[in-house]
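Before any comments, here is the structure.
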Amino acid sequence: MWFQREIQLEPRARGFHLVTREVVEGVPEIADLSVGLAHLHILHTSASLTLNENASPDVRRDFESWFGAAVPEDAPYWTHTLEGPDDMPAHIKASLLGTSLTLPVREGKLALGTWQGLYLCEHRDSGGPRSLLVTVVGE
Amino acid sequence: MWFQREIQLEPRARGFHLVTREVVEGVPEIADLSVGLAHLHILHTSASLTLNENASPDVRRDFESWFGAAVPEDAPYWTHTLEGPDDMPAHIKASLLGTSLTLPVREGKLALGTWQGLYLCEHRDSGGPRSLLVTVVGE
Amino acid sequence: MWFQREIQLEPRARGFHLVTREVVEGVPEIADLSVGLAHLHILHTSASLTLNENASPDVRRDFESWFGAAVPEDAPYWTHTLEGPDDMPAHIKASLLGTSLTLPVREGKLALGTWQGLYLCEHRDSGGPRSLLVTVVGE
């Protein structure tokens, strides 16, 4: 059994945002599967997806701090600067974290670890709404 | 054909560990597939999975050196410090490398390159046993 | 419906290369699927795959600059140096970006965002030809 649906995620500030509930509610058909895989794909090049700690907001704030330090906006080697100082770092961060995730489905639910939550990683200052294409296969 | 199984990986020291054989032996059903995909998902937020060079232990040691330098424990911007100095860096490293891998299956085996091995990346000093959920689909 | 095929990518210089068209033309069977997943797996440990901006060559040049600065060839901690100064950094970069990608298929095409292109990331100075194993499932 296959299904596929595009979900719109509302605009968010630059940073790391917990969106597990929002995404899970967008694909209720997962409840019908005993086993499967859910593939989440963000249709952009300056935002990304990752799984990480779902309890402490300070973890998500520290993600922003580390990525800001590791991919500096004022590095002397940037040549793609026309779209603003946050643009090229956003592309690098998106590829470091990845624009898609494949997650296991077990007994009608995403089989995440106790502490795993889904992050939308918004790397632009004003990224706008983000489109997520969800593809699920299972039985 | 689908199957899914949780595998327990024994506690390992902080660092990068070759676990190809241990994981492959845990899913003997792969031998029955002519083509498919095997999805490996670690149910934690401070350990990760990657594929890399399977021959030289010094490659895995150098991985630990680079990640230790790139994500320093004593960075001034960490605010999530309650769980110890290795915790927040472990979260960042886990997202850089990723908590799941999808691998191709061909003629009854994982179709890895000659030099590709599966690494369990343990980012905590004392991470304990790690649970891996393996989901396989194929025909 | 499953199919699997190995594609040879011609040798390329160190850097980031847009290969969307080359890969898509190698798997024409995608046109027969209304929904599915395409898994691309590079069978090497010093080259990788990512999705990013498909229009400006300067983005790809800036990728090379950032990765060169972030994973320096002359770091004092490298111990795996027998295969040349570009070898160990290439392994790290390959794991940061990842050696496989899973992409959604929709209505006979890879469902990429408007600006998303497929990059072959060649991390060696002389990496030679690269083998890509493509596995597609769908209906």
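Shortest first and in nm with one decimal, please list how far the A:Pro76 label point sits from its counterparts in the other copies (point 7 Å along Cα→Cβ).
2.2, 2.2
I'd like the mean, over residues of C:46-57, of how many other protein chain beta carbons sit within 10 Å of each residue's own Cβ.
Going residue by residue through C:46-57 and averaging, the value is 4.
Per the 1.4 Å probe, what fraction of the accessible area of region B:1-108, in percent, lies on carbon and sulfur atoms?
51
Among rounded, prolate and oblate, which fits region B:41-82 when a ≥ b ≥ c are the square roots of the eigenvalues of its C-alpha gyration tensor, a/c under 1.5 means rounded, and a/b larger than b/c means prolate?
oblate
I need the inter-copy label distances for B:Asp58: point set 7 Å along Cα to C-beta, values in nm with one decimal, smallest first.
Shortest to longest, the spacings are 4.1, 4.1 nm.
Using the alpha-carbon atoms, what tilt in degrees (0 to 90, nearest 10) does helix B:87-97 show relative to the longest principal axis of chain B?
Tilt relative to chain B: about 40 degrees.
For the pair C:Ser131/C:Ala55, report the inter-label distance in nm, with labels modelled 7 Å from Cα in the Cβ direction.
3.8
Can you give me the angle between helix C:57-70 and the longest principal axis of chain C, using Cα atoms only, in degrees from 0 to 90, rounded to the nearest 10?
40
Could you provide, to the nearest whole Å², the per residue accessible area of chain B with probe 1.4 Å?
37
Where Lys and Arg each count +1 and Asp and Glu each count -1, what net charge lies around A:Asp32 among other residues with Cβ under 12 Å from its Cβ?
It works out to a net charge of -2.
For label points placed 7 Å from Cα toward Cβ, what is the shortest-first list of nm distances from A:Pro11 to its copies?
5.0, 5.0
Classify the protein assembly as shown from the C-alpha gyration tensor, please: rounded if a/c falls under 1.5, else prolate or oblate depending on whether a/b exceeds b/c.
Note, shape of the protein assembly as shown comes out rounded.
What does the charge dipole of chain B about its Cα centre add up to, to the nearest 20 debye, if the Cβ of each Lys and Arg holds +1 and the Cβ of each Asp and Glu holds -1?
Value, rounded to 20: 180 debye.
For chain C, what is the mean residue ellipticity at 222 nm derived from helices alone (per DSSP H run of n ≥ 4: -39500 (n - 2.57); sum divided by total residues; nearest 500 deg cm²/dmol)?
-7000 deg cm²/dmol
Between the chain alone and the structure with every protein chain in place, find the residues of region A:66-102 that drop at least 50 Å² of accessible area; heavy atoms, 1.4 Å probe.
Hits at the 50 Å² cut-off: A:Trp66, A:Tyr77, A:Thr79, A:His80, A:Ile92, A:Ser95, A:Leu96, A:Thr102.
Nearest 100 Å², what total accessible surface is buried between chain C and chain B (probe 1.4 Å)?
So the buried area, both faces added, is about 2500 Å².
May I ask for the equivalent-ellipsoid semi-axes of chain C, computed as the square root of five times each C-alpha gyration tensor eigenvalue and listed largest first in whole Å?
Over the Cα atoms of chain C, the semi-axes work out to 30, 16, 12 Å.
If we count every other residue with Cβ under 14 angstrom of C:Pro85's Cβ, Lys/Arg +1 and Asp/Glu -1, where does the sum land?
-4
The values are calculated or read from the model by the stated rules, or taken from the named source; none is laboratory data. It should be emphasised that the depicted structure is a prediction, and the values quoted were computed from it without experimental measurement. Methodologically, a virtual Cβ is constructed for each residue, glycine included, from the backbone with ideal geometry; neighbour enumeration extends over all protein chains shown. With ligands, DNA and RNA removed, areas are computed over all heavy atoms of the protein, side chains included. Shrake-Rupley method; radii C 1.70, N 1.55, O 1.52, S 1.80 Å.
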